[in-house]
Each structure stands twice: as C-alpha cells, then as structure tokens.
1. Can you compute the equivalent ellipsoid semi-axes for region 157-214, i.e. the square root of 5 times each eigenvalue of the Cα gyration tensor, sorted largest first and rounded to whole Å?
2. Tally the DSSP beta bridges in the chain and give the antiparallel ones as a percent, rounded to 5.
3. Using the 10 angstrom Cβ neighbour count as an exposure proxy, how do 139, 23 rank, fewest first?
4. Is the C-alpha gyration tensor of region 1-133 telling us rounded, prolate or oblate? Criteria: a/c under 1.5 is rounded; beyond that, a/b larger than b/c is prolate, otherwise oblate.
5. For 33, 125, what's the fewest-to-most ordering of other Cβ within 10 Å of each Cβ?
6. Would you please calculate the Kirkwood hydrodynamic radius of the chain over all C-alpha pairs and express it in Å, rounded to one decimal?
7. For region 152-168 and region 113-138, what is the separation of their C-alpha centers, rounded to whole Å?
8. By counting other Cβ atoms within 10 Å of each Cβ, how are 38, 129 ranked from fewest to most?
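Just so it is clear, none of the values below were taken in a lab; they were calculated from the coordinates. Owing to the predicted nature of the structure, the values given are computational and were not obtained by experimental measurement. Neighbour counts run over all protein chains shown; Cβ positions are idealised from the backbone, glycine included.
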C-alpha cells in the first residue's frame, strides 16, 4: 500500500480520477475498469483474477500481468504511449515526426558503456526534427515501468525514474550523439501514471507549442496532456490484467488447401 500511495501521489497520476467521464474525449471507464483502477491505486488485491496465466502457466497477479511477455500485451502498452507522444508532436506543429526510425549502422565506432545498443537493426521509438533546436534531429525512446515490480519496490519514485532514465541513456544517447549527431531524450512513465523528469520537460515543451498554436493557457494544455497520458497508461495496464492471454500457436492459413480438404461449399 505504501508503494501504491507513493505512485498515486506522483504529478499526473490522478488525472483519470478528476476527469469528468466523456465518450467524446476518451475519459470514460466501464464499471470493472473503474473498480480495478481504484484497487490498483490503493495497492489492494484485484477481484476475480485467474489463478494461473493462460500464456505461460505461472501464478497470475497484477505484477505477473505486467511482467509476462507472452501474448504481446506489454508491447501494446509501449506502442500506445509511443503513438500518442508522436501524435502530440505532430499536433504541436512538428511536421517531420517518424516512429520506429532505423539508426545508421555502425562502422567501428567505440562507445563508453557496454550496454550501448550496437545492433545493426537498432531503432529508436520517435524521431522529430527541430524539437530541441532548429533543423537538428531529436530522438526519443519510451519505457513504461511498474513501481510494484520486485526490483523497483525498494526505490522511491525519484530513484526509480533516475534508474530507468539512466538505463535508456546508456543504451542510446552516445550512439545517437556520435553517429546521428542528434539529441536523445528518454520518455519514462510508470503504469500507474507517473511521469519521469525528462518526460516532464518534453510535455512542457509540447504544452508551450500547443498553447501558442491554439491560443489556450499553457496550464490548461499541460493538464490535458497529463490526463491523456494518464488514461493511456491506465487503459493499457488494465488490458494487461484483464485481456485473454494464451500461448501463441502458429498455423499456416493455406486457404485453398483448407477448402479442398474440408470440401467447403462456397
């Protein structure tokens, strides 16, 4: 409960609770989602969870649903946040925004950190020209972490964000600065709606641009941005918990053979 209350106290983490439900603006939850969200907020055990994971067979819990890599649900959470951030950049007036841009292959470059990404097919999550400075490429990579994970449970929110941002910086920054001659910023969030310091800087920059473009108070835009991120993180976390998980079975869809073998009438 201590961990949950600390996570709920993060700036932006409670935006989903204070927003009036609206179908038009995507701020509505059905009754089970709302109950689950309240239980997660206070660290209570969720109701009516399955005993075992349908994908891996392990004991099922909130944290297992966020750790299990089978079923592709964790990837959906990452991609949802990535796509929202990319769209917000386009809405703010940045015209050259690309998702999953491929980084240039290495030709013998040496990096300080052993954890630096040296793969030939390496990609970042978002590339935006002119975000931090005119005509200079800015790269972003998204990470969504759970404060309930055993490896993070002993950390304060500030320590958790610093550790997660540091891991992304060691993985990408040196390569992007030396090879791409661009800027790199990690976009770190928690599944409970928390926003890391460098992500706050990015949202502040977007709020300034949107405020000037639409002639709306910057504080109003900032609140809207945090609310949108909060609902995206909440919905995808609930999807990880409640969506059907099963082990992926690869079946070749040979339509002609199936019709012939089963003598389908068409």
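1. Details: eigenvalues 97, 73, 9 Å².
For region 157-214, the semi-axes come out at 22, 19, 7 Å.
2. Numbers: 10 of 18 bridges.
Looking only at bridges with both residues in the chain, the antiparallel portion is about 55 percent.
3. Numbers: 139 25, 23 7.
In increasing order of surrounding Cβ atoms, one gets 23, 139.
4. Details: a/c = 2.27, a/b = 1.43, b/c = 1.59.
It comes out oblate by the Cα gyration axes.
5. Arranged by neighbour count, lowest to highest, 33, 125 become 33, 125.
6. Working: mean 1/r = 0.0488 Å⁻¹.
About 20.5 Å, per the Kirkwood formula over Cα pairs.
7. Taking the Cα centre of each part, region 152-168 and region 113-138 sit 22 Å apart.
8. 38, 129
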